[in-house]
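The values are calculated or read from the model by the stated rules, or taken from the named source; none is laboratory data. Since the structure is predicted, the reported quantities are computational estimates derived from the model, not experimental observations. For neighbour counting, all protein chains shown are included, and Cβ atoms are generated from backbone atoms with ideal geometry for every residue, glycine included.
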Amino acid sequence: MLYRTAGQFKTSYNADQALFPVKQDAFLLGIILILAWVVFPLTASEFTFQTLLIPILIYALAAMGLNILTGFAGQLSLGTGAFMGVGAYACYKMVTLFPWMNPIVAILLSGVFSAGIGVAFGIPSLRIKGFYLAIATLAAQFFLVWLFEKWAWLYNYNASGAIQVPNLEMFGMFITGPQAASVTEYYIVLFVVSLLTLLCINLTRGNLGRTWKATRDMDIAAELIGINLMKSKLTAFAVSSYVVGVSGALYVFMWKGAAEPNVFDIPLSFQVLFIAIIGGLGSIMGNYLGAILIVGLPVVLNVIAGTQVFEMSGISAILAIALAAAVGFLFWVARNGWGIGAVIGFVVLTLIYGYAQTQGFRIDSALIEHINVMIIGALIIFFLIIEPHGLNQLWRLIREKLIIWPFPH
Amino acid sequence: MLNDIFIAPFSDMISAPDFLMQVLWEGLVSGILYALIALGFVLIFRSSRIFNFAQGIMVVFAALTLVGLFAMGIPAWISVGLTLGVMFVLAVAIERVVLRPLVGQPDIILFMATIGITLFLIGFGETIFGGENKVMITEELGIPTGDTVLEPFGGLLILQHLDITVVVVATLLVLALLAFLNYTQMGRAIRALGDDHQAALSVGISLQTIWVLVWFIAGIIALVTGIAWGARAGVSFALEVIAYKALPVLMLGGLESITGAIVGGLMIGILEKLFEIYWGQPLLGGNTETWFAFVLALIVLLFRPQGLFGERIIERV
């Protein structure tokens with residue numbers, strides 16, 4: 001009813017190949033774009049910009065890069081963090097060597113360097129497959145991070161060994177560095193991310209994307225029908241590393257402000273991999289959903305724990321219940337009673353915890369940190385069991401249900 | 001430059017053979033520990049095709065549980081027994097909660113699930129036992145601590161008694177494991193499952209039992225490794241770096257091969273030490289151990305994509 005696609009006829013090839021052939025999809029996307037471009041920037045607080053909006057976009061971009069390689073071309077990579085680092089260091093070197101360079105151009109160009117290095121480390125993929133390749137990409141991960149530490153030229157020989165983002169101007173206002181406003185940074189991130197998302201959607205549904213998918217599904221068969229595997233795999237590495245590199249540049253220039261080599265260590269790679277897998281391999285939208293979950297979850301957990309933002313447990317209890325209800329609704333629509341039990345458990349725990357808090361019970365912050373790690377691990381397993389194909393698949397199921405609703409078939 | 005790379009390191013080795021022997025010995029000891037971690041991993045991979053990323057964390061978790069239980073005032077040897085019990089419960093829980101619902105999913109999903117287990121174990125261990133660095137209860141377990149000084153070629157060679165114990169215990173463990181796999185019914189069932197899932201199921205081998213068993217054996221190996229490594233470096237989750245060290249070992253030896261895990265572990269342990277001492281520190285600024293093993297394995301893999309001892313990859317369309 002709400003999502004009826006019947007009657008939307010396509011009368012030309014152009015209409016058939018449109019980016020969003022279903023009207024409702026385009027409508028929803030429009031709402032999301034208005035939210036992202038107008039509503040959020042007008043209403044968000046400094047805290048929301050720095051802990052949710054900007055990191056979610058940057059992580060989503062990084063996951064999209066990884067997803068092109070792993071989800072679309074089928075080459076498992078564990079070196080994402082290091083390639084983000086390459087982008088960040090390349091951007092840093094460019095803006096310090098050529099101070100006249102437009103920072104946005106520098107950010108977009110920095111991906112070129114990581115693409116080059118990505119191709120170099122992608123060459124073994126022609127011979128090595130599956131988990132062997134995954135471990136081989138760890139070679140890139142450890143080697144590059146070691147290089148960031150030892151090659152002093154990269155961080156301009158400064159004593160701390162970290163890269164510090166300089167204050168850079170564009171149109172008379174600071175857009176990077178400590179003096180830049182969060183809104184400006186947010187808009188730049190949003191612009192770059194939107195641009196690259198559009199690029200990725202079109203690449204993955206075009207000729208190149210189809211060769212990637214053929215390579216992923218069975219590389220020998222792909223080779224037999226005339227796909228050049230070397231070209232397919234190496235372009236996947238190049239495009240993927242480009243996107244990941246740009247996200248790395250954004251990560252340091254628009255969000256962190258400074259970075260030591262160990263920032264790009266393996267936990268970052270895994271975080272991005274979580275986002276890509278929980279969001280759904282082989283999808284573009286899934287990266288955003290995954291990023292919202294993985295970046296947002298610790299923030300929400302901290303809010304619930306009441307240590308960083310709110311001191312009132314009432315608000316955090318309501319927030320937790322609303323979140324749990326939303327998640328529970330998704331599971332109910334998509335699957336079975338599985339999710340409901342978990343959600344009820346979550347709500348009960350939160351209520352108990354909220355009650356304990358009003359009685360003056362406090363957990364120290366180190367313990368909360370440990371519990372958060374534990375909860376995130378448990379949730380990853382939980383999500384994999386509920387829907388191994390990720391949040392994107394959940395959305396697809398919901399959408400199908402909405403299309404036929406209120407009829408059962 | 002060429003002299004520094006190709007000649008100077010070797011002349012250093014020849015001119016100070018006692019130091020070379022010391023380096024080789026240290027490499028051998030850490031190589032054995034890598035091999036042990038890789039061994040637990042290979043067992044799980046063979047019987048279930050699960051790339052168990054959590055193996056390294058199980059090492060830390062086992063060590064942490066042991067130290068934590070001892071700190072609660074339980075005698076050392078009873079703590080060891082209890083830790084084994086914990087590892088068994090862990091194996092059952094992982095099989096019931098994580099693996100059973102995920103049977104038949106793509107490899108990468110199961111791999112992700114083991115990363116989830118890794119995070120969960122880190123958080124769980126730190127919540128219960130605290131995140132600070134702890135000291136392994138070496139003396140209480142009766143592990144000798146002194147050292148023996150030999151004087152070959154008129155130089156010095158220091159052998160820690162702890163390291164000697166590690167080498168002996170690890171060798172015994174590997175032999176026991178091989179005997180178990182080759183001469184007992186359970187062990188044969190594990191190998192059968194590794195060869196062909198369906199055929200094994202059809203002759204009445206229980207998948208669930210074997211998986212619990214295999215994860216439990218991996219837990220025992222983890223405990224031994226944890227004690228050995230914890231005695232050298234202290235017990236904390238910083239030890240998880242050794243989890244990553246097991247990966248190039250697997251790559252080098254092949255994911256399915258027990259021989260490969262042992263040979264690969266020893267090779268990487270010794271070669272990375274040699275490289276660090278004779279090439280890494282003088283030429284590259286040191287700390288090359290983080291990546292050397294990976295690059296070495298990568299180069300080997302270019303020539304043998306299935307590792308030195310792995311099963312030949314046969315692909316059909």
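Taking A:Thr96 as the residue in question, decide whether it is surrounded by 11 or more Cβ atoms within 10 Å (Cβ to Cβ), closer than 30 Å to A:Phe143 by Cβ and polar (S, T, N, Q).
Details: surrounded by 11 or more Cβ atoms within 10 Å (Cβ to Cβ): yes; closer than 30 Å to A:Phe143 by Cβ: yes; polar (S, T, N, Q): yes.
Spelling it out, A:Thr96 is indeed surrounded by 11 or more Cβ atoms within 10 Å (Cβ to Cβ), closer than 30 Å to A:Phe143 by Cβ and polar (S, T, N, Q).
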Among the helices (runs of 4 or more DSSP H) lying completely within segment B:1-77, list those that include at least 1 residues that are within 21 Å of B:Ala170 (Cα to Cα). B:17-48, B:55-71
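Just wondering, is there one or more residues in segment B:239-256 that are assigned to a loop (DSSP other than H, G, I, E, B), out of contact with any Cys (no Cβ under 6 Å at 6 or more places or on another chain) and of a type in the set (Ser, Thr, Tyr)? Step through it out loud before you land on a result.
Residues of segment B:239-256 that are assigned to a loop (DSSP other than H, G, I, E, B), as a first pass: B:254-256.
So of that shortlist, the ones also out of contact with any Cys (no Cβ under 6 Å at 6 or more places or on another chain) come out as B:254-256.
If we keep only those that are of a type in the set (Ser, Thr, Tyr) as well, we get none.
Looking for residues that are assigned to a loop (DSSP other than H, G, I, E, B), out of contact with any Cys (no Cβ under 6 Å at 6 or more places or on another chain) and of a type in the set (Ser, Thr, Tyr), one finds none in segment B:239-256, hence no.
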Which residue out of A:Gly71, A:Gly30 is more than 20 Å from the chain's Cα centre (by Cα) and assigned by TED's automatic domain parsing to the domain that holds A:Tyr187? A:Gly30
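Restrict the check to segment A:64-81 and report whether at least one residue is free of Cβ contacts under 8 Å to residues at least 40 places away in the same chain and in a helix (DSSP H, G or I). Steps first, answer last, please.
Of segment A:64-81, the ones free of Cβ contacts under 8 Å to residues at least 40 places away in the same chain are none.
Within segment A:64-81 (the criterion being free of Cβ contacts under 8 Å to residues at least 40 places away in the same chain and in a helix (DSSP H, G or I)), the answer is no, since none of the residues qualifies.
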Any idea which of (1) within 30 Å of A:Leu33 (Cα to Cα); (2) hydrophobic (A, V, I, L, M, F, W, C); (3) surrounded by 20 or more Cβ atoms within 10 Å (Cβ to Cβ); (4) more than 13 Å from chain B (Cβ to nearest Cβ) is the one A:Val112 doesn't satisfy? (3)
Could you tell me whether any residue of segment B:256-266 is within 12 Å of another protein chain (Cβ to nearest Cβ), within 20 Å of the chain's Cα centre (by Cα) and under 30 Å from B:Asn3 (Cβ atoms)? no
Would you confirm whether or not segment A:252-264 contains a residue that is under 11 Å from the mean Cα position of the chain (by Cα), crowded, with 24+ Cβ neighbours inside 10 Å and under 30 Å from A:Gly161 (Cα atoms)? no
For A:Ser240, indicate whether it is surrounded by 19 or more Cβ atoms within 10 Å (Cβ to Cβ), modelled with pLDDT of 90 or more, within 12 Å of chain B (Cβ to nearest Cβ) and assigned to a helix (DSSP H, G or I). no
Test: B:Val135 is touching a residue at least 12 places away in the same chain (Cβ under 8 Å) and surrounded by fewer than 15 Cβ atoms within 10 Å (Cβ to Cβ): yes
Out of all the residues in segment B:166-173, is one or more out of contact with any Lys or Arg (no Cβ under 8 Å at 6 or more places or on another chain) and among the polar types (S, T, N, Q)? yes
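Can you tell which of A:Leu28, A:Leu35, A:Leu53 is exposed (fewer than 14 other Cβ atoms within 10 Å of the Cβ), modelled with pLDDT under 90 and part of a helix (DSSP H, G or I)? Outline the logic, then answer.
On the way: A:Leu28 fails: exposed (fewer than 14 other Cβ atoms within 10 Å of the Cβ); A:Leu53 fails: exposed (fewer than 14 other Cβ atoms within 10 Å of the Cβ).
Criteria check complete, one pass: A:Leu35.
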Picked from segment B:267-297 (must be modelled with pLDDT under 80 and assigned to a helix (DSSP H, G or I)), the residue farthest from the other protein chains (Cβ to nearest Cβ) is B:Pro282
Residue check, B:Ile190 within 30 Å of A:Ile368 (Cα to Cα), under 23 Å from the mean Cα position of the chain (by Cα) and not in a loop (DSSP other than H, G, I, E, B): no
Which ones in segment B:101-122 are within 7 Å of chain A (Cβ to nearest Cβ) and not in a helix (DSSP H, G or I)? B:Gln105
Looking only at residues that are among the aliphatic types (A, V, I, L, M) and facing chain B (nearest Cβ under 7 Å) in segment A:125-158, which one is farthest from A:Val95 (Cα to Cα)? A:Ile128
Inspect segment A:119-132 for any residue being among the hydroxyl-bearing types (Ser, Thr, Tyr), in contact with a helix residue (DSSP H, G or I) (Cβ under 7 Å, 6 or more places away or on another chain) and modelled with pLDDT of 90 or more and give the result as yes or no. no
Kindly establish whether A:Leu147 is more than 25 Å from the chain's Cα centre (by Cα) and in a helix (DSSP H, G or I). yes
Can you tell me which of (1) surrounded by fewer than 16 Cβ atoms within 10 Å (Cβ to Cβ); (2) more than 14 Å from chain A (Cβ to nearest Cβ) is the one B:Ile143 doesn't meet? (1)
Working only within segment A:150-206, note down all residues that are of a type in the set (Ser, Thr, Tyr) and more than 22 Å from the chain's Cα centre (by Cα). A:Tyr155, A:Tyr157, A:Ser160
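Hey, does segment A:158-172 have a residue that's among the hydrophobic types (A, V, I, L, M, F, W, C), assigned to a loop (DSSP other than H, G, I, E, B), without any contact (Cβ under 8 Å) to a residue 60 or more places away in the chain and on the phi > 0 side of the Ramachandran plot?
yes
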Conditions (1) at pLDDT 90 or above; (2) loosely packed, with under 15 Cβ neighbours inside 10 Å; (3) closer than 20 Å to A:Ser241 by Cβ; number of the one not met by A:Phe191: (3)
What are the residues in segment A:206-225 that are among the small types (Gly, Ala, Ser) and more than 14 Å from chain B (Cβ to nearest Cβ), if any? A:Gly206, A:Gly209
Working only within segment B:65-99, note down all residues that are touching a helix residue (DSSP H, G or I) at 6+ places or on another chain (Cβ under 7 Å) and within 12 Å of chain A (Cβ to nearest Cβ). B:Ile94, B:Val98, B:Leu99
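Does segment B:246-259 contain any residue that is more than 18 Å from B:Gly27 (Cα to Cα), charged (D, E, K, R) and touching a residue at least 24 places away in the same chain (Cβ under 8 Å)?
Taking segment B:246-259 first, the residues more than 18 Å from B:Gly27 (Cα to Cα) are B:251, B:254-259.
Checking which are charged (D, E, K, R) leaves us with B:256.
Okay, now just the ones that are also touching a residue at least 24 places away in the same chain (Cβ under 8 Å), so B:256.
Yes, some residue in segment B:246-259 is more than 18 Å from B:Gly27 (Cα to Cα), charged (D, E, K, R) and touching a residue at least 24 places away in the same chain (Cβ under 8 Å).
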